[in-house]
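For reference, the structure discussed in these notes is given below.
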Amino acid sequence: MPAFRAYGDGGCLVSAPAELSGMFCRGAGGVAQQQRKRSLVAASAVAAAAEYVRASKKARQPAQPSLDALPDECLFEVLRRLPGARERADSACVSRRWLALLASIRASELGHSTTTTAPSLPDLNEEFVMEEDDSSSPAPAADPSVERVLEGNEATDIRLAAMAVVAGSRGGLERLAVRGSHPARGVTDQGLLAVARGSPNLRSLALWNVPLVTDAGLAEIAAGCPELERLDITSCPLITDKGLAAVAQGCPDLLSLTVESCSGVGNDGLRAVGRCCARLQALSIKNCARVCDQGISSLVCSAAATLAKIRLQGLNITDASLAVIGYYGKAVTDLTLARLAAVGERGFWVMANANGLQNLRCISVTSCPGVTDLAIVSVAKFCLSLKQLCLKKCEHVSDAGLKAFAESAKLLENLQLEECNRVTLVGVLACLVNCSQKFRALSLVKCTGVKDICAAPAQLPVCKSLRFLTIKDCPGFTDASLAVVGMICPQLEQVDLSGLGEVTDSGLLPLITSSESGLVKVDFSGCKNITDVAVSALVKAHGKSIKQVSLEGCSKITDASLFAISENCAELGELDLSSCMISDSGIASLAAAKQFQLRVLSLFGCTNVTQRSVPFLGNMGKLEGLNLQFCNMIGDHSIASLEKQLWWCDILA
């Protein structure tokens, strides 16, 4: 037992170990030092005694009851009987255990409070006001809880479970998209289990780059969400035919299926979808190495009555699949085929001659070596409802095929050619001569064969139906060709000549003056040789109709163009002046135009625009979007004041 020490100076009685007893001897010269030591020892001893007393009391007290002591089964029953959404949401924040239990409760298992409250008497004054204002009050906003998107590091099981608990209390999610996944705590089957339990009304699910989700997760969705209509799985390597088959069996009302870069999905999954989903309307299969003719043919045959949109890309299919589409695709309206290396000319010919694609309106083909002149002519002859053709990187299509196609496609409205380098301006002119009266849009992008011709035809065609013209990034297309286009197409409304670096004012002026109906949208981005002369002529001739002008990268455009725009363009809504040689004077003229309707203005890289323009920009009260990036002469303080003045405007700086 420790010895007790009593000090003659009135100190309290404390206990001290025997080995410390020598510390308390008194010496003649150390009275003050001994007093300090006595105080320190007394304080530490008192604290130790108090801690001992507290520990003794705590040991004698009975344990406090806690819900955490309950097993999961009992706590599950407690949590499912919580009366409302707010209570369930608050309980989910207690711990991960509570969140997991709440997420495992199905919507049908939620208990309802048996206590009822007496109805309160109505407020007659409030009722009268509500009835009076009912006709003028706007419709209630849609509940944002029905749609959620998780991206990148936000996509975790915990966040998905919490989202499912909160939304489940309000009827559940209807649309969910998971784009990406947390690198360490990504979405797994447990997250999808929470969604399936809490959102039985889920109609749309998109899983992009979610590598940890397996067939078990899709099976939970299939079991818990029978009303699912749209499924998009992209880059999910652990999903196989079993998961797809589970969805097909559990969600017979599936309308749209997209599978991309899923190495585990093959023919069996597509067969199951064809057998069980009789209402399928849209199918997109891309870059799935295990999918071949058997899967595509089986699905197309089974869903022939409703399948309207088909997209096939990067698959190991042959002419047989196209033959089946051509024979059974009676409901197909949109067909997209890309990078089908094993499909030859015969496949396209058989697809068209099968006479099944009578409702086909739009066909798009990219990087398919089987697309030849014979192929596109066959499509035009036997697909009588065809309105749009888009060909990209089809090296075997020539002028002769383009002319024959235009002669056979009686309802063609839109033709798009990209990197079809065997097509020349002669073929384009022949197409315009023979096109239908409904032909409205022509697009030529990166076609190196479209360039100036030595001699124009004796009789140029006139295509009065053409409204939209795009000639983009065709390096051989210069002023001479552009002048010819202006004479051929007098009713143009939208013109996109972006990337034509060789075009000058001499080529643009005939196009501007020949347009009879009035240009509405023009894009001269990258036309570095056009000057204020062409822009002034444009706005003077079409100022009453023009609504959008893009002059990005036109380094010869100065304030003179802005003076002309501010005087003549009353309906202009969007103006792109990126990297132009404009200054504060031009901005001032735009701000001074009282009739201006300008909503979007881009001054990206306009190095001559300084902070003197800030007051002028602040007076443009109708602006909704303003780009001031790389305007280095405008300081941060000026940007901040402009943001306060135009608080409703989206400003990039």
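The values are calculated or read from the model by the stated rules, or taken from the named source; none is laboratory data. Every value quoted in this text rests on a predicted model; they were computed, and no experiment measured them. Glycine also receives a Cβ, built like all others from the backbone with ideal geometry; neighbour counts cover every protein chain displayed. For the accessible areas, the whole protein counts, side chains as well, though only heavy atoms, and no ligand, DNA or RNA atoms are used. Shrake-Rupley method; radii C 1.70, N 1.55, O 1.52, S 1.80 Å.
Split the accessible area of region 476-632 by element, probe 1.4 Å, and carbon with sulfur accounts for 51%. Annotation: extensible slack from Gln597 through Ile639 equals 12.9 nm (criterion: 0.36 nm per residue apart, minus Cα-Cα distance). Each label point was placed 7 Å from the Cα along the Cα-to-Cβ direction; for Arg81 and Asn359 their separation is 5.4 nm. A crude spin-label estimate for the pair Ser235 and Asn619, with each label 7 Å from Cα along the Cβ direction, gives 5.0 nm. Given a 1.4 angstrom probe, I'd like the percentage of the accessible area of region 225-289 that is carbon and sulfur, rounded to a whole number. C and S fraction of accessible area: 47 percent. Per residue, region 176-297 exposes an accessible area of 35 Å² to a 1.4 Å probe, with every protein chain left in place. When the Cα gyration tensor is reduced to axis lengths a ≥ b ≥ c, the ratio a/c is 1.5 or higher for region 164-269, and with a/b not above b/c it is classed as oblate. Relative to one another, the C-alpha centroids of region 576-653 and region 467-510 are positioned 30 Å apart. Simple rule: put +1 on each Lys or Arg Cβ and -1 on each Asp or Glu Cβ in region 257-314, find the dipole, and look at Leu257, Leu270, Cys292; the Cα lying farthest toward the positive end is Leu257. Is any residue of region 510-528 close enough, with backbone N under 15 Å, to a label point placed 7 angstrom from the Cα of Met487 along the Cα-Cβ axis, and if so, which? 510-515, by backbone N distance to the label point. Highest average first, the peptides 183-191, 237-245 ordered by how many other beta carbon atoms sit within 10 Å of their residues are 237-245, 183-191. Highest average first, the peptides 422-430, 460-468 ordered by how many other beta carbon atoms sit within 10 Å of their residues are 422-430, 460-468.
With a Förster radius of 22 Å applied to the beta-carbon distance between Arg339 and Ser263, the computed FRET efficiency rounds to 0.85. Holding the Cα-Cα limit at 31 Å, pick out from Lys392/Lys540; Lys309/Lys544; Lys556/Lys644; Lys547/Lys644 the pairs that are longer than that. Where the Cα-Cα span goes over 31 Å, the pairs concerned are Lys392/Lys540; Lys309/Lys544; Lys556/Lys644. Solvent-accessible area assigned to carbon and sulfur over region 332-375 amounts to 51 percent, based on a 1.4 Å probe.
Between the alpha-carbon centres of region 335-392 and region 227-252 there is a gap of 29 Å.
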